[in-house]
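Q: If you scroll down you'll find the structure; I have some questions about it.
What follows is calculated from the coordinates using simple rules that are stated; it is not laboratory data. Note that the structure is predicted; figures quoted are calculated from it, not measured. As a convention, Cβ positions derive from the backbone with ideal geometry for all residues, glycine included, and neighbour counts pool all protein chains shown.
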4 protein chains.
Amino acid sequence: MSTPAHPSDSTPSRPLGVAAIGYAFMGKAHSNAWRNVASFFDVPAFEQKVLVGRDADAVAEAAARYGWAESATDWRTVIERDDIDIVDICAPGWMHAEIAVAALAAGKHVLVEKPLANTLAEAELMTAAAAKARAGGVQSMIGFNYRRVPALALARELIAEGRLGTVRHVRAAYLQDWLADAQAPMTWRLRKETAGSGALGDIASHAIDQVLFLLGGEVNEVTGRLNTFVDRRPGENGLEDVTVDDAAWATLSLASGAIASVEVSRVATGRKNSLQIEVYGDKGSLLFDLENLNELGFLDATLPVREQGFRRILVNEPEHPYIEAWWPQGHIIGWEHTFTHQVRDFLLAVRDGTQPSPSFEEGLNVQHILSAVEESAANKSTLTVVRR
Amino acid sequence: MSTPAHPSDSTPSRPLGVAAIGYAFMGKAHSNAWRNVASFFDVPAFEQKVLVGRDADAVAEAAARYGWAESATDWRTVIERDDIDIVDICAPGWMHAEIAVAALAAGKHVLVEKPLANTLAEAELMTAAAAKARAGGVQSMIGFNYRRVPALALARELIAEGRLGTVRHVRAAYLQDWLADAQAPMTWRLRKETAGSGALGDIASHAIDQVLFLLGGEVNEVTGRLNTFVDRRPGENGLEDVTVDDAAWATLSLASGAIASVEVSRVATGRKNSLQIEVYGDKGSLLFDLENLNELGFLDATLPVREQGFRRILVNEPEHPYIEAWWPQGHIIGWEHTFTHQVRDFLLAVRDGTQPSPSFEEGLNVQHILSAVEESAANKSTLTVVRR
Amino acid sequence: MSTPAHPSDSTPSRPLGVAAIGYAFMGKAHSNAWRNVASFFDVPAFEQKVLVGRDADAVAEAAARYGWAESATDWRTVIERDDIDIVDICAPGWMHAEIAVAALAAGKHVLVEKPLANTLAEAELMTAAAAKARAGGVQSMIGFNYRRVPALALARELIAEGRLGTVRHVRAAYLQDWLADAQAPMTWRLRKETAGSGALGDIASHAIDQVLFLLGGEVNEVTGRLNTFVDRRPGENGLEDVTVDDAAWATLSLASGAIASVEVSRVATGRKNSLQIEVYGDKGSLLFDLENLNELGFLDATLPVREQGFRRILVNEPEHPYIEAWWPQGHIIGWEHTFTHQVRDFLLAVRDGTQPSPSFEEGLNVQHILSAVEESAANKSTLTVVRR
Amino acid sequence: MSTPAHPSDSTPSRPLGVAAIGYAFMGKAHSNAWRNVASFFDVPAFEQKVLVGRDADAVAEAAARYGWAESATDWRTVIERDDIDIVDICAPGWMHAEIAVAALAAGKHVLVEKPLANTLAEAELMTAAAAKARAGGVQSMIGFNYRRVPALALARELIAEGRLGTVRHVRAAYLQDWLADAQAPMTWRLRKETAGSGALGDIASHAIDQVLFLLGGEVNEVTGRLNTFVDRRPGENGLEDVTVDDAAWATLSLASGAIASVEVSRVATGRKNSLQIEVYGDKGSLLFDLENLNELGFLDATLPVREQGFRRILVNEPEHPYIEAWWPQGHIIGWEHTFTHQVRDFLLAVRDGTQPSPSFEEGLNVQHILSAVEESAANKSTLTVVRR
């Protein structure tokens, strides 16, 4: 293995070389972001060098479709290539740790999809690797893409500016319904050994990350509850046991005194991709729903009572985060550009040699909270969040 | 006929005596208002003396149900009674003029349901009678009850305070669907000779009155269009001709330079009682829908662009018009109380000897505009509104 | 004390005599219901005999305002009167048990505002008294008025008809903001000794009753959490301790396997009286918000996917529960008529000699669940609901 | 000029060569569509050959940014190139006719932004050229991109399937506010000689095209009204006259008997890009707003009254038009992909040798209607639509 060079030394000389690993749902979303970011944002020059996947034909077809110069099947070789500066990991969660640690060791900047890893042990290993690499100028970031929804970025600004005053409580929910049908078949996502967890890891992670993103601070204590409404589903050999949750509930106590409730479900019939966030402060409140991601609800309680009300801000003005790059006001953007914005912010951090956010430490923090929720549910008791 | 006494002289000595004429839909709504107003508002003492209707049994039953001390079948006798001070006319439109003129002549304060009359000639007669009576201290008012929706009263306040700046245009619509079914039977409401007009007189009148209520000023010019989508309906002797419009469109030019569009329909499937009003000014805008009558949408364009948006004001705070009398915040009120507020305002005007609003003149003004719309539609040309 | 007569024997001979105890917020709401119910519904004849309160002048004024024939200050005397058949208890919670037990013993039908009582012991005493009285034909009912919101009555019908299939989970929240301001002063409602509890007893009780009303069945297990965000408020002698919760969170496990989450708050800035209920089944879902109480959201998942969506049913058609009595379609009703409907249903049950619902047993059941939530919060552990 | 080859003969041999003319707002939107269409849809092979603009440096920069192989400043040369098969015209309206006619004559397939042209005469010339070219296998299309909003495509399907029964009336509005500020400066868009018309041509054209797209059939008669609320704006030499409308109103009578109202404004404060469409039939109704373009409101009036209501269909399922290519359900798409879909449909038509829709004839038809609206406004009278 070559000694990790300070990327900042080499960056100016040629465009950054990017490799992505994975071409399924998240691979498609990340590839699309790489393909489009430079059309809209001023980012350092880069090239979509190589897309990696296990099936040679399929990955070649995907590479052609999404603008990658080549495809490959062996990620190990790719992350050692001198012309690769950035590794974007969209492979399944159980592969994250091995790839990320190796890529960081090879001196590559790493962007990894959430969740950081399937186990706390792996997540801790990755975080340690990231800390070490950072000392050598190598950046790393976890892909909680909803931090890049303009409306949520605006929400964070408003909270940081004190427009909500003291935040008392947050209601966060992530509701989907793709498992509402009891006859929906068994998949690897419904087995604990392959998926790690169910709705909790998959979507509560987003909700919890948003609580941390919006409010900042630490979660000290949690209560948790998990449930599997459909505990047997048709598999290849008849009914098989579902071993992960399809809904979860939690409350989180923040160091600030705020409390957040979290509720997630994959059986909430009629809710398609509804990450709902409500933030209540003593001077104002915010509302958000990912199914209408171009809107933010805001109530300013410092106005005269007579004219108070939740306003629907169409977060589509040049004054709003990320929007100046896009279309004139009122021409809404789609879900996919949360990834475009993510890649933009990652590239700028790489260029500037600054730590992109959220870091692996932040990803690990979410993992700790999820783990505490799971343990609280198992113990039927409130639990203090333990960290390293 | 006794010489009309100055009511202000007699009022203090005993509670005002009220007679209502009509006990169908509007009679029920008005009766309910009389029955409840004093439970919530401080109004001069009055008594629900007598309810008048043609069917002796039915009106007796209605009188008992809605709190009237007695019932009667001959309105002429009733309006001459010394113990009657107020006559509330809820009879069909073609009876308005005769009753109102007689009641005013008898020195009774008169509240009359909209429309003022079925014809312009009748409306002008009534207005002349009202002007004469007013000189003798006898008050009169037309029942455009939606002026008393708290949200619309708030809308008027905001406009009057300049919160919308210069109002450019208004979009007003009144959409219902009770005639959407082509098999809905023929009724007197669908014949020109009994109903005067269709959607135009019945519901466009409300929409136009709101334009005048909210913006003030005069309408100088109109364009109009009428249509009857279902022109034959099943009657007692087979299919009969529908001779009134079931939808109408108009634009009104106000003296201020503002333009209002009006669209009304009784065949707008799925719209039940949707009086929608949008007001656009250079500093702000308002939205309203009668199906959510406790809410007002307000956009304040003087705020920073970043935080502009239509807010949903739940018009249910003690700070809002009429609301202090009711329930704590967020406990919404129903459609019926537009009438309760109307009776309250009428009673206060009677007590104070002031002209209640809207006056017969204002009702006549609406009639002139409706008439011009109808003529414009017939002529297929823009029309100047002609007044006496 | 006179021997309790079988009311069914005496009812036919004369109108039922009604006494109400209390004339504050709930007294006003109940009085208004008594005053109006017979104008809209066919109910057995009754008379508003007497309103009882501690302040003689104030109660006399209230009696006159709300249509009571007389007023009184001693409830003990009133409930013994031969001309009183029904006692409606709107006094504070700590008085419920004593009055209700005495009234039932005196053979009077009793309607009591929620919560049933401030303590479980009192609630059990009342329930025993109600059971005994019921054997003698004396009826009793607790006033969970939101069961009489037409939209929620429709929701229950749809669930009972199987339109939602198997209900998996419910999200119930009751959000208000009248304590959002940290400077809002101390009151008896914020002291445990006078109020029993805070948001939990006051508003979570409604949310929990709705879960039971809509789904039926038993709650077996709960998790709970309470919080007081503002723990000191200005009182007459400076800052005083707030000893009740201003927000609460719970999950309830139903015998059916369904899980309900409950979240309530008095500091949810911008939420005025927002009882929100979402019910998710495998064949459909429902949405409700008390701030728009004339609407019910319904998604029918048995329709083709292409045309599925939450529909906003304006629950204002003659086909809908309670609505035929009111106004034509689209003319919405107000919050107050949940009480009108409640009185109507109570009167019909008294007439028919049937048990009105919800019974004191149902009220006690809610108290048991609230008590378990409180204990779970104190113990920081999941708790089994214990019943007598 | 070379003899127009039959493109169908040459297409198979190599990827289609595409040239785009214009790189401002519409050029950016079209370029983005060309750049992304093949990542999501199976379309014939093509290459983004050349982007044309007047400013050599700016167009070169734009070409690089949006994925064009080269840039050029002379469109005449480009449309003669043998390696160019498709010309996409995004230049200002006054250039459309000259370029389109020349490109068609050169045997190139042409996609042209709306409006077809600034004058009727030009539009007729273009339509004649398109008809002639079509005979030689050369296709042409006008870019009413909102036909490719999935929700509106679904709306058309539902109407075509008879789900709305007989359509009675349509309410179409296109509301923006970028001219609400009276101090917004003078531009070429506000002069009749450069822009042709104001809100009428720019946005009423979209609304009218939707009426035709959704309902089909011919418009026979119109009423029109135009207004300029701010008739002088600050220019380089002080206040200058605004010579186009900033708001317009029309009614259209369709051959079917349906009537559509159209209202457009650039001064509707708070409305950013709100193309609102409501369609009322005797069996159902539809609602749409471009600011929430992933949603369609649908009311099915054939369901029992008890459960009727407007449903919000999140048009994001694989079963919906265009959506299978995108993301899983509930992951909404942005405004830009109306162009992606447009390019996809255009490419498929070119491949199949079929006429893409909307044709130049359809564009001309919209121009005729706009012209009649303008004339009706000028004449203050209803007008019959005249066609060639």
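Q: What net charge is computed for the residues neighbouring D:Glu70, neighbours being all others with C-beta under 12 Å from the C-beta of D:Glu70, Lys and Arg scored +1, Asp and Glu -1? Intermediate values should be presented prior to the final figure.
A: Details: positive: D:Lys49, D:Arg81; negative: D:Glu47, D:Asp83.
Around D:Glu70, the surrounding residues sum to 0.
Q: Which whole-number percentage describes the relative contact order of region C:283-388, with Cα contacts under 8 Å and a sequence gap of 6 or more?
A: Once divided by the residue count of region C:283-388, the mean separation gives 13 percent.
Q: Between A:Leu348 and C:Thr166, take the C-beta separation as r, use R0 = 60 Å, and let me know the FRET efficiency to the nearest 0.05.
A: Efficiency at R0 = 60 Å is approximately 0.75.
Q: Next question. For A:Ala72, list long-range residues whose amide hydrogen, built 1.01 Å from N in the peptide plane, is under 5 Å from its own amide hydrogen.
A: A:Leu51, A:Val52, A:Gly53
Q: Using a simple spin-label model with points 7 Å from Cα along the Cα→Cβ vector, what separation in nm is obtained for D:Thr77 and C:Ala105?
A: So the label points at D:Thr77 and C:Ala105 sit 10.8 nm apart.
Q: Once a ≥ b ≥ c are taken as the square roots of the eigenvalues of the Cα gyration tensor of region B:85-130, is the result rounded (a/c under 1.5), prolate (a/b larger than b/c) or oblate (a/b not larger than b/c)?
A: Judged from the Cα gyration tensor, region B:85-130 comes out oblate (a/c at least 1.5, b/c at or above a/b).
Q: Place +1 on the Cβ of every Lys and Arg and -1 on the Cβ of every Asp and Glu in region C:276-348, take the dipole about the Cα centre, and give the residue among C:Val279, C:Ile333, C:Pro321 whose Cα lies farthest towards its positive end.
A: The residue sitting most towards the positive pole is C:Val279.
Q: Let me ask you something else. Where a ≥ b ≥ c are the square roots of the eigenvalues of the C-alpha gyration tensor, would you call region D:275-379 rounded, which needs a/c under 1.5, or, failing that, prolate if a/b is larger than b/c, or oblate?
A: oblate
Q: Based on alpha-carbon centroids, what's the gap between region C:277-316 and region A:329-388 in Å, whole number please?
A: After rounding, the separation between the Cα centres reads 33 Å.
Q: Determine the gain in length on full extension of the stretch A:Ser256-A:Glu218; use 0.36 nm per residue of separation and subtract their C-alpha separation, reporting nm with one decimal. Provide the component values of the computation, followed by the final result.
A: Values: separation 38, 0.36 × 38 = 13.68 nm, distance 0.79 nm.
Taking 0.36 nm per residue and subtracting the Cα distance, the gain is 12.9 nm.
Q: Filter the cross-link list B:Lys114/C:Lys28; C:Lys28/C:Lys272; C:Lys49/C:Lys108 down to pairs whose alpha-carbon distance in this structure exceeds 22 Å.
A: Flagged as over cut-off: B:Lys114/C:Lys28.
Q: According to the Kirkwood expression over distinct Cα-Cα pairs, how big is the hydrodynamic radius of chain A, in Å?
A: 21.8
Q: Report, in debye and to the nearest 20, how large the dipole of chain D comes out about its Cα centre when Lys and Arg carry +1 and Asp and Glu carry -1 on their Cβ.
A: My answer is approximately 420 debye.
Q: Ordered by residue, what ³J(HN,Hα) values in Hz, to whole numbers, does region B:288-304 give under the Karplus form 6.51 cos²θ - 1.76 cosθ + 1.60, where θ = phi - 60° and Gly and Pro are x?
A: 3J(HN,Hα) across region B:288-304, in whole Hz: 8, 9, 4, 6, 10, 5, 8, 10, 10, x, 9, 10, 9, 7, 8, 6, x.
Q: Contact order normalised by length for chain D, with contacts defined as Cα pairs under 8 Å and 6 or more residues apart; what percent is it?
A: 19
Q: From the square roots a ≥ b ≥ c of the eigenvalues of the alpha-carbon gyration tensor of the protein assembly as shown, which class results: rounded (a/c under 1.5), prolate (a/b over b/c), or oblate?
A: On the way: a/c = 2.21, a/b = 1.23, b/c = 1.79.
Oblate is the answer for the protein assembly as shown, as a/c is 1.5 or above yet b/c matches or exceeds a/b.
Q: Mind listing the long-range amide H neighbours of C:Phe229? Cut-off is under 5 Å, sequence gap 5 or more, other chains count too, H placed in the peptide plane at 1.01 Å from N.
A: Distant-sequence amide H within range of C:Phe229: C:Asp246, C:Ala247.
Q: Using a Cα-Cα cut-off of under 12 Å, which aspartates and glutamates could be cross-linked to B:Lys380, ignoring same-chain neighbours fewer than 8 residues away?
A: Cross-link targets: D:Glu221.
Q: Here is a follow-up. With just the Cα atoms defining each centre, how far is region D:108-185 from region B:115-187? Give it in Å.
A: Here the two parts' Cα centres lie 39 Å apart.
Q: A further question on this structure: State, to one decimal in nm², a quarter of the convex hull surface area for the C-alpha atoms of region D:120-257, i.e. the direction-averaged projected area.
A: Convex hull of Cα atoms, orientation-averaged projection: 10.9 nm².
Q: Let me ask something else. Jot down the radius of gyration and Dmax of region C:7-145, Cα atoms only, both in angstrom.
A: When restricted to the Cα atoms of region C:7-145, Rg and Dmax are 14.0, 39 Å.
Q: A follow-up question, please. To the nearest 20 debye, what charge dipole does region C:7-145 have about its Cα centre, counting +1 at the Cβ of each Lys and Arg and -1 at the Cβ of each Asp and Glu?
A: 220
Q: Using amide H atoms built 1.01 Å from N in the peptide plane, name the residues 5+ places from A:Ala301, or on other chains, whose amide H lies under 5 Å from its own.
A: Amide H to amide H, under 5 Å and 5 or more residues apart or across chains, A:Ala301 pairs with A:Gly284, A:Ser285.
Q: Compute a Gaussian network model of chain C, connecting alpha carbons closer than 10 Å, and tell me which residue from C:Ala199, C:Ala160, C:Ala63 fluctuates the most.
A: Between C:Ala199, C:Ala160, C:Ala63, it is C:Ala160 that shows the largest mean-square fluctuation.
Q: A follow-up question, please. If I require 20 Å or longer along the helix axis, counting alpha carbons, and a Kyte-Doolittle average no lower than -0.5, what helices from chain B are left? Use full DSSP H segments.
A: Qualifying helices: B:25-40, B:120-135, B:337-352, B:360-379.
Q: Could you give me the ³J(HN,Hα) list for region C:244-255, computed from phi with Karplus coefficients 6.51, -1.76, 1.60 and θ = phi - 60°, whole Hz, x at Gly and Pro?
A: 3J(HN,Hα) across region C:244-255, in whole Hz: 10, 6, 10, 7, 8, 10, 8, 10, 10, 9, 8, 4.
Q: Excluding D:Glu291 itself, what net charge comes from residues whose Cβ is under 11 Å from its Cβ, given Lys and Arg +1 and Asp and Glu -1?
A: 0
Q: Using helices alone, what [θ] at 222 nm do you get for chain C, with -39,500 (n - 2.57) per DSSP H run of 4 or more residues, divided over all residues and rounded to the nearest 500? Don't jump to the answer; show the numbers that get you there.
A: Values: 11 runs with 128 residues, N = 388.
Using -39500 (n - 2.57) per qualifying helix, the result is -10000 deg cm²/dmol.
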